[in-house]
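K.L.:
Before anything else, here's the structure in question.
Since every read-out is calculated from the coordinates, none of them should be taken as a lab result. Note that this is a predicted model, so its numbers are computed, not measured. With ideal geometry, Cβ positions are generated from the backbone for all residues, glycine too; neighbour counts draw on all protein chains shown.
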Amino acid sequence: MAARVRIKDHWKEQRLFERRALIAGALIGVLALVLFARLVTLQVVRHDYYTDLSQGNRVRIEPLPAPRGLILDRNGTVLAENRPAYQLELVREEVSDLDATLQRLSDIGLIPADDIDDARKLVRSHRSFDSVPIRLRLDDEQIATFAVHRYEFPGVDIRTRLARSYPYGEIAVHALGYVAAISEQDLARIDRAAYSGTTLIGKLGVEAAYEAELHGHNGSREILVNAQGRSVQRQGAFVPNLNTVDPVAGEDLILAMDLEVQKVAETELGARRGAVIAIDPANGDVIALVSRPGYDPNAFGRGISRVEYQALLDNIDRPLFNRALRGTYPSGSTIKPAIALAGLAYGEVNPSQTRFCAGVFRLPGSSRMFREGRSGRHGAVGIVDSIARSCDVYFYDLASRLGVDRIAAFLAPFGFGSLTGIDIGGEKPGLLPSREWKRKAFSNPADQVWFPGETVNFGIGQGYFLVTPLQLAHYTSILANQGTSWKPRLVNAVRDPVSGAVRHLAPQKDAEVSATPEQWHLVMEGMLGALRGRGTAAATAGRNMTYAIAGKTGTAQVFSVGQTEKYDEKTVAERLRDHSWFIAFAPAEAPRIAVAVIVENGGFGSTGAAPIARKVMDAWLVNGGGA
Amino acid sequence: MTYGSIDSSYTRRTLTRSARALASLKLDGPLLVGLALIALYGLIVMYSASGQNVGAVLKSATRLGIGIVVMLILAQVKPGFLRRATPIIYVVGIVLLVVVDVVGYVGKGAQRWLDLGLFRFQPSEIMKIAVPMMCAWYLHERPLPPSTPNLLVTVLIIFLPAALTIAQPDLGTGVLITIAGVLVILMAGLQIRIILALAGITAIGAWFGWSFLHDYQQKRVLMFLDPQSDPLGAGYHIIQSQIAIGSGGIFGKGWMNGSQGQLEFLPERSTDFIFAVIGEEFGLVGLALLIFLYLFVVGRAIFLAMQTQETFARLLSGSIAITFFVYVFINTGMVSGLLPVVGVPLPLVSYGGTSMVTLMAGFGILMSLYSHRKLIRS
């Protein structure tokens, strides 16, 4: 076409343009129809679907946490309450870089560097739109610091929440337990929906055991949010109708505990390691439950730092260890009243006969000597004196005549070797040995045989036999009751926080220990004797009594001493000294309190533990309590 | 010009008088009414979309006013003068684009603006008109349909500014510039087989060009194909705008009551995504009304283009008319999920200065081309 010259034909070009314009117009019409069809699809066909999505966009359901129930002592003194606290919360989906944000928060001193990993885990374990508390209690300075840096932290905010507060700090911590941030493990066992909005959960003690009562029911509130997730009051010119479900506060717990008695017990134990448990024999009410050393439960509610927690774990005195429920010790001589009762019940003891104590006991046909623990020789002792003066030889002999299986069978209803059934978790069963137990417990056939010498030691509460302080207190209350057994309980009643209606919890009876009134009476005479005249605790707990106390000292060996050498208290390190036990109930004729005290490495029961038990009973019986 | 049957002589007199006044101003009545209705609709929506911000509405109205003035002025310019000035405008535009690119390169970032002290100015906006003008200018004295060499020159005229604009990077405007130029070629009567062949080449070119796109541009296209794959990231715009439109239903949630828009779930609600605000608050009815107004304006503009007699005028006004619809379709298609998100404002409604002025300038030129025609036929 190179040579051909094309002439412009205006008429033809006009026609061409018009044709093209019409084609364009037609195409425009088609595209407009496509667009319209698309709009019909969105707005008519799928209208409901998109309406749901837009509703989900703008309405967020915000949980309203229920205030946790209070914990009160029997006189209405508040032991655990809720106080407003400022806490730092983070919403994962609004934070662009979680790691960087946490690091930055740590840099400005709002979270400890050691806690970054835990905070990250905690945040990750929640749903992305949950507001997760990463620091539970901020002080004024930290609030000010955050206020200055707030713009740097989208998705992080300070919220006012009710935090748990224990006004008496360490007092009764091992009974109350504590609350702390809900952990991953907690999340696995709780109903997440019921706990959405709740930041703290009971971890131990009453707080954990009565979690269901204390927690209450969380409410919820529908709020209008904008794209940034911020709550807004209205949308355009229209104020929407949003629903609110009010939270129902958790129930208050009224404990059997008497704070004054509890305080006395804590003070008397002081810096020593040990436990005190006082029970009302009439119903199993736990008047005081002490394990020392303790720790400040407020630290957990505040969000304990890794360093603080490690310090508690590493402490040689093990403050986190609940000695009252979980410490297992040899009972020492405190078991003698029960052995004596067994002797009477099985007819192995004639109350009118005495046995001569020369300070040493030998099994027939054996040269092994079982020594008197303390005072050399008691001479001729009967059943009452043997308890009062804690004659080991008498009980060596009695135990070997009873035999291990009869002892074990008789001790079982006292609650030894099994859980007492106290209403908070964590107690240990201790160990009630028997032939059958030994056969199962050891793998070496030579060890599976029960030796007669082991029965002899059992008679004075040494050897395999292990008890917890709680079990001893429970046992003491059964002695006080002459056989009737109530399950120990910390919580007496539940109170509705709104109406104030109190629902009393009925005490629960356990298996009875059967013996005749005369037999009970003989044992009590022995225990009364321990605090009188030549009795083991007469000079300590028994001084200036205004009411009759029936008690029994005990000394639990930490390690066995050799047969010939004499045990010298002063030569062994303090921590290897014997544990000091004392059990008692009073007033003897109508018991209103049964106490068990252990002082670890406290030496003899009469000097270490007995004075503490006396102070506790005084606090309850003389100084107002228990009336 | 007919106004149907009008009974009242008073009304007829008034209309005749205003038609005469408009004619003396070189304006077209129906087109002007259409544009005014769209702009008014836009201002009403803008009040809601800006979150009841009177300032934003006033600013928008001011820009509309500037646009009308520009339109009035350009309507007075004689087509001959415009045609002669075309190569100069085009070259100046190219130079400015190069300057912007260089400044942007030095400043290490996207650069679309030239700061002239008093106001900021976007050279690529000029090219939206300058490119079809240049194409029309080049083709108007050559035989049509264009020969292959002429076609190649025209393609080059389009390619140069389009490439410079995409390099800024501003893919949306680059595509619009290309479309405006290509429309001139198509209106010039390019043979169907060549169109098909070019379409094939474009497809292959797109496949190649894919690798030259910026990451975020690639992402936008991918997101369009599957918005749910990244609902909080790149797919967020599309999902939220579809929720807004879909939840509006047939009659909408009412003015200022669209939760998606009012609570800011809808991004860029007063600019690129204002169509979704209309869909949410006024429903299908409101959108259909707007589309009808747009079709009326486009239809009238094409009608005017067909009335012109010069090749330059025909090609240019045809391109302006159809480009206007392309803007509308790209924006509405993008907002309703038919097309990828390219960042094209909704003509005359979206908040944003330069594009409003450019559009009005285009219509000014179109009115000039129509009203200055020599009446050959009756």
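K.L.:
Just subtract the alpha-carbon distance of A:Asn350 and A:Ser366 from 0.36 nm times their residue separation and send over the number in nm, one decimal.
P.N.:
Taking A:Asn350 through A:Ser366 to full extension adds about 3.2 nm, to one decimal.
K.L.:
Report the Cα centroid-to-centroid distance between the stretch A:168-218 and the stretch B:249-326 in angstrom, as an integer.
P.N.:
60
K.L.:
While we're on this one: Which residue, chosen from A:Gly109, A:Asn243, A:Pro154, occupies the Cα position most advanced towards the positive end of the dipole of chain A, where the dipole is computed from +1 (Lys, Arg) and -1 (Asp, Glu) charges on Cβ about the Cα centre?
P.N.:
Of A:Gly109, A:Asn243, A:Pro154, it is A:Pro154.
K.L.:
Hey, rough spin-label estimate for B:Ala19 and A:Lys12, points 7 angstrom out along Cα→Cβ, what's it come to in nanometres?
P.N.:
3.7
K.L.:
With an 8 Å cut-off on Cα pairs and a minimum separation of 6 or more residues, tell me the relative contact order of the stretch A:88-148 in percent.
P.N.:
About 47 percent, as a whole number.
K.L.:
Applying a 10 Å radius around every beta-carbon, put A:431-437, A:453-459, B:278-284 in order of their mean neighbour count, most first.
P.N.:
Ranked by mean Cβ neighbours within 10 Å, highest first: B:278-284, A:453-459, A:431-437.
K.L.:
Between A:Thr484 and A:Arg46, what is 0.36 nm times their sequence separation minus the Cα-Cα distance? Round to one decimal in nm.
P.N.:
Length gained between A:Thr484 and A:Arg46: 150.3 nm.
K.L.:
Taking the Cβ of each residue in B:Met133, B:Met256 as the centre, tally the other Cβ atoms inside 10 Å and list the residues starting with the fewest.
P.N.:
On the way: B:Met133 29, B:Met256 19.
Lowest to highest Cβ neighbour count: B:Met256, B:Met133.
K.L.:
Could you work out the relative contact order of chain A? I mean the mean sequence separation of Cα pairs under 8 Å and 6+ apart, divided by the number of residues, in percent.
P.N.:
Numbers: 1284 pairs, mean separation 87.6, N = 627.
Answer for chain A is 14 percent.
K.L.:
Picking from A:Ser352, A:Pro364, A:Val381, whose Cα lies most toward the positive end of the charge dipole for the stretch A:347-392 (charges on Cβ: Lys, Arg +1; Asp, Glu -1)?
P.N.:
Highest projection toward the positive end goes to A:Pro364.
K.L.:
For the pairs A:Lys440/A:Lys509; A:Lys509/A:Lys552; A:Lys263/A:Lys428; A:Lys121/B:Lys219, note any where the Cα-Cα span goes beyond 29 Å.
P.N.:
Too far apart for the 29 Å limit: A:Lys440/A:Lys509; A:Lys121/B:Lys219.
K.L.:
Given +1 on the Cβ of Lys and Arg, -1 on the Cβ of Asp and Glu, and no further charges, what dipole in debye does the stretch A:88-148 carry about its Cα centre, rounded to the nearest 20?
P.N.:
Details: 8 positive and 14 negative charges, 48 e Å.
Dipole of the stretch A:88-148, to the nearest 20 debye: 240 debye.
K.L.:
Averaged over its residues, how many other protein chain Cβ atoms are within 10 Å of peptide B:177-188's Cβ atoms?
P.N.:
Working: counts 0, 0, 0, 0, 0, 0, 2, 0, 0, 3, 6, 4.
Counting other chains' Cβ atoms within 10 Å and averaging over B:177-188 gives 1.
K.L.:
Taking +1 at the Cβ of each Lys and Arg and -1 at the Cβ of each Asp and Glu, which of A:Val494, A:Gly403, A:Thr267 sits farthest along the dipole of the stretch A:259-621 towards its positive end, judged by Cα position relative to the Cα centre?
P.N.:
The listed residue farthest towards the positive side: A:Gly403.
K.L.:
Right, next: For n ≥ 4 DSSP H runs only, could you compute -39500 (n - 2.57) per run for the protein assembly as shown, divide by its residues and tell me the 222 nm figure to the nearest 500?
P.N.:
Theoretical 222 nm ellipticity from helices: -15000 deg cm²/dmol.
K.L.:
Now, a different point. Would you order B:Ile38, A:Ile387, A:Ile612, A:Ile61 from fewest to most other beta-carbon atoms within 10 Å of each residue's own beta-carbon?
P.N.:
A:Ile61, B:Ile38, A:Ile612, A:Ile387
K.L.:
Once amide H atoms are built 1.01 Å from N in the peptide plane, which residues 5 or more positions from B:Phe265, or in another chain, come under 5 Å H to H?
P.N.:
A:Ala227
K.L.:
How far is helix A:336-345 tilted off the main Cα axis of chain A, in degrees rounded to 10, range 0 to 90?
P.N.:
For helix A:336-345, the angle is close to 70 degrees.
K.L.:
Give me a single rounded figure for B:301-308: the average over its residues of other chain Cβ atoms within 10 Å of their Cβ.
P.N.:
Mean inter-chain Cβ contacts per residue within 10 Å come to 3.
K.L.:
Right, here's the next one. Return the distance in nm (one decimal) between the two label points of a simple spin-label model at A:Gln55 and A:Arg192, each offset 7 Å from Cα along Cα→Cβ.
P.N.:
Result: 2.3 nm between the two label points.
K.L.:
In addition: Using a Gaussian network model of chain B with C-alpha springs under 10 Å, which one of B:His237, B:His214, B:His140 is most mobile by mean-square fluctuation?
P.N.:
B:His214
K.L.:
Can you sort B:Leu82, A:Leu341, A:Leu470 by how many other beta carbons sit within 10 Å, fewest first?
P.N.:
Least crowded to most crowded, the residues run B:Leu82, A:Leu341, A:Leu470.
K.L.:
Could you give the length gained by full extension between B:Thr148 and B:Arg373, i.e. 0.36 nm per residue of separation minus their alpha carbon distance, to one decimal place?
P.N.:
78.0 nm
K.L.:
Taking the Cα centre of the stretch A:259-621 as origin, work out the dipole magnitude from +1 charges on Lys and Arg Cβ and -1 charges on Asp and Glu Cβ, in debye rounded to 20.
P.N.:
Here the size comes out at about 380 debye.
K.L.:
A further question on this structure: Dipole size in debye (nearest 20) for chain A around its Cα centre, Lys and Arg Cβ +1, Asp and Glu Cβ -1?
P.N.:
I would put it at about 1320 debye.
K.L.:
Please list 3J(HN,Hα) in residue order for the stretch A:13-24, calculated via the Karplus relation 6.51 cos²θ - 1.76 cosθ + 1.60 where θ = phi - 60°; whole Hz, with x for glycine and proline.
P.N.:
These are the phi-based 3J(HN,Hα) values: 5, 4, 4, 4, 4, 4, 4, 4, 4, 5, 4, 4 Hz.
K.L.:
Now, a different point. Taking amide H atoms as placed 1.01 Å from N in the peptide plane, list the residues 5 or more away in sequence, or in a different chain, whose amide H sits under 5 Å from that of A:Ala256.
P.N.:
Under 5 Å from the amide H of A:Ala256: A:Val286, A:Val491, A:Asn492.
K.L.:
Then there is this: State whether the stretch A:356-504 is rounded, prolate or oblate according to the following rule on the C-alpha gyration tensor (a ≥ b ≥ c being the square roots of its eigenvalues): a/c under 1.5 gives rounded; otherwise a/b larger than b/c gives prolate, and the remaining case gives oblate.
P.N.:
oblate
K.L.:
Out of residues 5 or more away from A:Gly219 or on other chains, whose amide H comes under 5 Å of its own, with H placed 1.01 Å from N in the peptide plane?
P.N.:
Residues meeting the amide H criterion: A:Leu64, A:Ala66, A:Val248.
K.L.:
Partner chain Cβ atoms within 10 Å, averaged over the residues of B:246-255 - can you pull that number for me?
P.N.:
6
K.L.:
Additional query: So for the protein assembly as shown: antiparallel DSSP bridges make up what percent, rounded to the nearest 5?
P.N.:
Approximately 95 percent, going by the DSSP bridge assignments.
K.L.:
Can I ask one more? Looking only at trypsin sites (Lys or Arg not before Pro) in DSSP loops with at most 11 other Cβ atoms within 10 Å, what is the longest site-free stretch of chain B?
P.N.:
Numbers: sites that count: B:Lys108, B:Lys374, B:Arg377.
In chain B, the maximal stretch lacking such sites is B:109-373.
K.L.:
Taking the 0 to 90 degree range and rounding to the nearest ten, how far is the long axis of helix A:392-402 tilted relative to the main principal axis of chain A, both from C-alpha atoms?
P.N.:
Helix A:392-402 sits at roughly 80 degrees to that axis.
K.L.:
Which order do the peptides A:214-226, A:589-601 take when ranked by the mean count of other beta-carbon atoms within 10 Å per residue, highest first?
P.N.:
My ranking of the peptides, most packed first, is A:589-601, A:214-226.
K.L.:
Got a sec to turn the phi values of the stretch A:61-71 into Karplus ³J(HN,Hα) couplings, 6.51 cos²θ - 1.76 cosθ + 1.60 with θ = phi - 60°, whole Hz, x for Gly and Pro?
P.N.:
8, 9, x, 10, x, 6, x, 6, x, 7, 10
K.L.:
Mind running the shape call on chain B? Use the C-alpha gyration tensor, a ≥ b ≥ c as the square roots of the eigenvalues: rounded below 1.5 for a/c, prolate if a/b tops b/c, oblate otherwise. Could the numbers behind the result be given before it?
P.N.:
Details: a/c = 1.61, a/b = 1.07, b/c = 1.51.
Note, shape of chain B comes out oblate.
K.L.:
Which of rounded, prolate, oblate describes the stretch A:259-621, given a ≥ b ≥ c as roots of the alpha-carbon gyration tensor eigenvalues and a/c under 1.5 marking rounded, otherwise prolate only if a/b is larger than b/c?
P.N.:
Numbers: a/c = 1.58, a/b = 1.36, b/c = 1.16.
Because a/c hits 1.5 or more and a/b exceeds b/c, the stretch A:259-621 counts as prolate.
K.L.:
Taking Cα atoms, how many degrees apart are the long axis of helix A:98-107 and the longest axis of chain A, rounded to 10 and kept between 0 and 90?
P.N.:
The two axes meet at around 60 degrees.
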